[in-house]
Structures are given as C-alpha cells and as structure tokens.
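> A single structure is presented below for examination.
The values are calculated or read from the model by the stated rules, or taken from the named source; none is laboratory data. Bear in mind the structure is a predicted one, so any value in this text is a computation, not a measurement. Glycine gets a Cβ as well: all are built from the backbone with ideal geometry, and neighbour counts include every protein chain shown. Heavy atoms of the whole protein, side chains included, go into the accessibility calculation; ligands, DNA and RNA do not. Shrake-Rupley method; radii C 1.70, N 1.55, O 1.52, S 1.80 Å.
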Amino acid sequence: MTVIYQKVALIGLGLIASSMAHAMRAKGLAGQIVGHAKSAETRAVALEIGLCDHVYATAAEAVEGADLVVLAVPVGAMAAIAAEIGPHLAAGATVTDVGSVKQAVIAAVQPHIPANVHFIPGHPMAGTEYSGPRSGFATLFDNRWWLLTPAAEVDATALSRLRDLVQAMGAKVDTMDPAHHDLVLAVVSHTPHLIAYTMVGVADHLAQVSNSEVIQYSATGFRDFTRIAASDPTMWRDVFLTNKDAVLDILGRFAEELFVLQRAIRMGDGDQLFDYFTRTRAIRRGIIEAGQDTSAPDFGRVSASKSTDA
Ligand code: NAP
C-alpha cells in the first residue's frame, strides 16, 4: 500500500495507539511514526518494541511537523493535551482522536485547534480488556466499525484522507452526529459494561458462592461478564463521567425492563418471559447476519484477544 501520512504523531501509546502503529507499519501507511506517553516507562517500551521511530517527553514536541496527530489518551486527559499541542500543530495537519465518547471530547479539544488545522473526531469500535503499549496487534480493527463524527464544515479532502487510512488499517468507516454516537454507544457498549461491572460485583459479594465455584462454573455466561469487567478502570471511569446523560437515559430504561421481567418471574408469567426472550433471540440473529459476531459454539472465543466494541 502507499504512504497516506508522512508523519503520524500518536499521543498516548496504549492498546489503541499501539494497534494503529502495528497496522500502519504492516501496511506501510505512514512515512514516520512518532509518539508521546505520560510515563517514561511506556515511552521506553514503545521504542523497544518498535511502535515508534521517535518518542518525545512532551506531546508538544511530538506533534511538530506531523500531518496526522492521533489523540489516544483517556477521555479525561484530552483537554489538557489539546491545550498543550494547539500552538505546535502544523498548518494543514489533521487531528483526530479515538475516544469512546464524542461530545465531551469535541468540547474539550475543538477550542484548542487552530483555524488552519482539521479536527476530525473518531472512535474505533474495537478493543480488548488489555491496555498499555504491549497490548496492541495489527488486526484489532479488521472488519470493525470506525465511526467519524466530523463537523458539517469539515474539509472534504482531509476527511477522505483519514477515511483512507482507517480503511487501509482494516476497519469499516461510517460518519455520525456526535450526540447520536454517544446515545448509540450508551446502548451497545457503555451500559452493557456497567451491567457487567455490577454483575461481577454482585458475585463477589455473594458469600454463599465460593470463589472456586464462581470460577469453575463461569463458562455459563458469567465468564463474558468477568472479561468485560476487567477493562481499564481509568478509561471506563472517564466514559461514565463524560457520557453521563446518555448512560443515565439507557440505564433508566434498563431498570424499567428489569422490573417488568422481575414481575413476570414473580407472577409466574411464562408467556411473557417466552415472548420477551423470543424477541431478544431475533436481535442476536440479526447481529450474526450483520457479520458482527459468529454463531460458532462458545461465540468463537478461542483466544483471550477477542475484540469488544468499546
Ligand atoms: P490504554 O491502553 O490505557 O493507554 C492509554 C495511554 O494514554 C497510555 O499510553 C498512557 O500513558 C497515555 N496517557 C494517559 N494519560 C495521559 C496524559 N495525561 N498525557 C499523555 N499520555 C497519557 O488506553 P486505550 O485502551 O488505548 O484507550 C485510549 C483511548 O481510546 C481512550 O480515550 C478510550 O476511550 C479509547 N478507546 C478504547 C478502547 C478499548 O477498548 N480499550 C476502544 C475504543 C476506544 P502511560 O502508559 O504512560 O500511563
């Protein structure tokens, strides 16, 4: 493939940034990849395993002369990073981010972007429960959605160049309004994560179920909750703090549905339970037909690096 950006600056060198580095290297999409992370340890690892050609102690130095800057830090860290790099961005550069929430990131970043720089917010809907510079792999984005939420007045050439990069890394691209993105993600990712965290917390509190029993019999559904509940605490704290309204909306609806099912169980209303589960089964089949999961036994989860939509 051909080089799409001459110099890519990755700010934050964790799961998403390292997967991007691997994917761009594997396909020759970047002339040079440079990076910055908060800790000297992460920066040293990034050099050691060849994620970056150069690493810098500050984000401001890393973005000098870059034609693509990727903000790949937790959502809560975006504002300070944007303020730092704003004055150092090259004219004509594109800044994108990979944050799991879009409205809060846009509010935090946009004010610091100079008029001659293109800001195109983004969100790769791919991830695992692992984090850090060693957790990335080149195929993370294969066949996964990467949502872009550009402003209406976005530069069409800059948008199509970023779209080319994302597609060349293996992802499918769609554009979306930021508020709609946050609502959709509250349904498909954020609230399910909260439920998983809660369920694992409940099991932990259950004195009657010994640890060994929970682990031994976890394949019966609970195991997927534990995998999701092992996701990075900083990232997920920031998701819930910044997508508060949408998550509270979906959580309210969830609680109402839960009470409906709770009542059906209490009243022994088998018809209602059967109808409800028939409806949800059809949704699952739709997901498989859309190619977003596999119908293989055990959900095809043969390795620990199964991707989730974060
Ligand atoms: P990660 O593996 O935990 O890595 C985060 C990186 O950001 C680390 O390199 C960390 O540096 C760096 N960092 C944190 N605060 C910083 C600061 N103030 N200044 C500079 N660097 C800082 O995280 P990730 O999973 O790649 O997530 C990154 C972003 O992608 C988040 O916004 C998240 O919402 C989004 N996202 C995540 C997933 C997922 O499933 N993981 C999926 C889609 C989108 P140190 O190592 O030195 O601390």
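> Would you list which aspartates and glutamates come within 14 Å of Lys27, measuring only between C-alpha atoms, while excluding same-chain residues fewer than 8 positions from it?
Asp142, Asp164
> Separate question: Distance in nm between label sites at Glu64 and Thr175, each 7 Å beyond Cα in the beta-carbon direction?
With each label point 7 Å from Cα toward Cβ, the separation is 3.4 nm.
> Would you mind giving the three semi-axes, in whole Å and largest first, of the ellipsoid equivalent to the chain according to its Cα gyration tensor?
They are 37, 21, 19 Å, listed largest first.
> Indicate the helices, whole DSSP H runs only, in the chain that combine a mean Kyte-Doolittle hydropathy of 1.6 or more with a Cα extent along their long axis of 27 angstrom or more.
None clear 27 Å together with a mean of 1.6.
> If ligands, DNA and RNA are left out, what is the accessible area of Arg237 with a 1.4 Å probe, given in Å² to the nearest 10?
Surface accessible to solvent at Arg237 totals approximately 130 Å².
> Can you tell me the dipole magnitude for the range 5-176 around its Cα centre, using point charges on the Cβ only (Lys, Arg +1; Asp, Glu -1), in Debye to the nearest 20?
In debye, rounded to 20, the range 5-176 gives about 300.
> Continuing with the same structure: Sort 186-192, 39-45, 251-257 by the packing proxy (mean of other Cβ within 10 Å over each peptide's residues), most packed first.
186-192, 39-45, 251-257
> In nm, to one decimal, how far is the modelled label at Asn116 from the one at Asp245, with both set 7 Å along Cα→Cβ?
Roughly 3.6 nm, to one decimal.
> Probe 1.4 Å, all protein chains in place: accessible area of Ser212 in Å², nearest 10?
Counting only protein heavy atoms, Ser212 exposes about 70 Å² to solvent.
> Give me the Kirkwood hydrodynamic radius of the range 92-234 in Å, from all C-alpha pairs, to one decimal place?
17.4
> On to the next question. May I ask you to compute the full-extension gain from Ala156 to Ile287, defined as 0.36 nm times their residue separation minus their alpha-carbon distance, rounded to one decimal in nm?
Contour length minus the Cα-Cα distance gives 44.0 nm.
> Between Gln6 and Thr226, what FRET efficiency follows from the Cβ-Cβ distance if R0 is 41 Å, with the result rounded to 0.05?
0.40
> So for the pair Glu48, Arg266, with labels modelled 7 Å out along Cα→Cβ, what separation do we get in nm?
In this crude spin-label approximation the distance works out to 5.7 nm.
> Sort the following peptides by mean Cβ neighbour count (other Cβ atoms within 10 Å, averaged over residues), highest first: 67-73, 284-290.
Highest mean packing first, the order is 67-73, 284-290.
> While we're here: What GluC sites (Glu not before Pro) does the range 75-167 have in DSSP loop regions with at most 16 other beta carbons within 10 Å?
Sparse-neighbourhood loop GluC sites (Glu not before Pro): Glu153.
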